[in-house]
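This report concerns only the one structure given below.
The values are calculated or read from the model by the stated rules, or taken from the named source; none is laboratory data. Only a predicted model underlies this, so the values are computations on that prediction, with no experimental measurement involved. With ideal geometry, Cβ positions are generated from the backbone for all residues, glycine too; neighbour counts draw on all protein chains shown. With ligands, DNA and RNA removed, areas are computed over all heavy atoms of the protein, side chains included. Shrake-Rupley method; radii C 1.70, N 1.55, O 1.52, S 1.80 Å.
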Amino acid sequence: EAGGGGGGGVVWRDGFVELFFPARCAACDAPGGVLCSSCEALLPLILPARACARCGAPMREACVECVGREFSFSACRVVGVLRSPLSDVVTVYKDAGERRLVTVIGALMAARIDDWATWADAVVPVPVRPASRSTRGFDHMRLVAADVAARTNLPLVRLLQAHGTGDQRRLGREERFANALGRYAVRAGIRVPRRILLLDDVFTTGATFEACSAALMAAGAHEVRAVALARAADGPDAAGCTPGSAT
């Protein structure tokens, strides 16, 4: 499944929404756009050169986030740390349903992996839980993945499906990994690409990325690289991220 078609309808819809619901910045509420230039300049970016190549966490000399942990994905890139104004973007998009943020998020994620685009065969979104989709009314990562796929000239493939209704937000690290096991499966009848860019919104422990990557590798993928918009990180290394535009 690749993005494309219906461009005129999208333009008409966005124009209608803008007319009756003028855009305001997700972080500071200033009018004019869903992310103003001032807040974009303050995004707590994680530059690849200053991040752990395995889990994407900001670091100085050695990563303490993924030590002793094996992942099925080979590498990870993250746009920034999950704190304001990036955390505001996540919240307003997912919980308030501000779909005009799709292109902002897509641009940030595509810029972070521009050198991976020629390596990959497909973009695959982490699927939302059925309960989350019912509550929000849309699959937030499918929309973002479609935008990233269009920007990188890669096909969007909806390979994964989620099972169960468990919420991981209140679970500890080991509980998250145990809870995620077996919650994702590869859809039947779809050819699995060899090299996959797996997209999700927030990397907390890596449990969701691990469960999805393990399922993809078991189904025939040769390599999976993870890409997230934000990374839950604390401590001095998290403070070392770089404010500024990623585009």
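A search for C-beta distances below 8 Å between a residue of region 189-202 that is more than 30 Å from Arg83 (Cα to Cα) and any residue that is of a type in the set (Asp, Glu), counting only pairs 6+ apart in sequence or on different chains, returns Pro193/Asp121; Arg194/Asp121; Arg194/Glu223; Arg195/Asp121; Arg195/Glu223.
Each row is one residue, and each column tells you yes or no for (1) modelled with pLDDT under 70; (2) surrounded by 17 or more Cβ atoms within 10 Å (Cβ to Cβ); (3) not aliphatic (A, V, I, L, M).
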{"site": "Leu198", "(1), (2), (3)": "no, yes, no"}
{"site": "Thr204", "(1), (2), (3)": "no, yes, yes"}
{"site": "Ser213", "(1), (2), (3)": "no, yes, yes"}
{"site": "Ala218", "(1), (2), (3)": "no, no, no"}
{"site": "Arg225", "(1), (2), (3)": "no, yes, yes"}
{"site": "Leu229", "(1), (2), (3)": "no, yes, no"}
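Restricting to region 93-115, name every residue that is open to solvent by 30 Å² or more (accessible area, probe 1.4 Å), under 23 Å from Ala162 (Cβ atoms) and of a type in the set (A, V, I, L, M, F, W, C). Of everything in region 93-115, just one residue is open to solvent by 30 Å² or more (accessible area, probe 1.4 Å), under 23 Å from Ala162 (Cβ atoms) and of a type in the set (A, V, I, L, M, F, W, C), namely Ala96. Here Ala26, Ala2 are screened, and the one residue that is under 30 Å from Ser134 (Cβ atoms), among the aliphatic types (A, V, I, L, M), modelled with pLDDT under 90 and in a loop (DSSP other than H, G, I, E, B) is Ala2. Within region 66-95, residues that are modelled with pLDDT under 95 reach partners that are hydroxyl-bearing (Ser, Thr, Tyr) and surrounded by fewer than 18 Cβ atoms within 10 Å (Cβ to Cβ) with beta carbons closer than 9 Å, at six or more positions or on different chains, in the pairs Lys94/Ser132. Summed over region 55-84, the residues that are in a loop (DSSP other than H, G, I, E, B) and either of a type in the set (Gly, Ala, Ser) or under 16 Å from the mean Cα position of the chain (by Cα) (or both) give a count of 11.
Identify, please: which residue in region 37-48 is in contact (Cβ under 8 Å) with a residue 60 or more places away in the chain and not in a loop (DSSP other than H, G, I, E, B) and is, among those, nearest to Ile105 (Cα to Cα)?
Narrowing region 37-48 to residues in contact (Cβ under 8 Å) with a residue 60 or more places away in the chain: 40-48.
From the residues that got through so far, the ones that are not in a loop (DSSP other than H, G, I, E, B) too are 40, 44-45, 48.
On the way: Glu40: 11, Pro44: 14, Leu45: 13, Pro48: 18 Å.
That would be Glu40.
Taking region 116-162, which residues are open to solvent by less than 50 Å² (accessible area, probe 1.4 Å) and part of a strand (DSSP E or B)? Scanning region 116-162 gives Ala122, Val123, Val124, Pro125, Leu156, Leu160, Ala162.
Consider Ala149 carefully, then state whether it is farther than 14 Å from Ala162 by Cβ and either in contact with a Pro (Cβ under 8 Å, 6 or more places away or on another chain) or of a type in the set (A, V, I, L, M) (or both). The answer is yes for Ala149. Kindly indicate the residue of region 49-65 that is surrounded by fewer than 17 Cβ atoms within 10 Å (Cβ to Cβ) and touching a residue at least 24 places away in the same chain (Cβ under 8 Å) and also nearest to Met109 (Cα to Cα) among those meeting that condition. Here the answer is Arg50. Within region 34-48, take every residue that is open to solvent by 20 Å² or more (accessible area, probe 1.4 Å) and within 21 Å of the chain's Cα centre (by Cα) and give me the one that is farthest from Leu101 (Cα to Cα). That would be Pro48.
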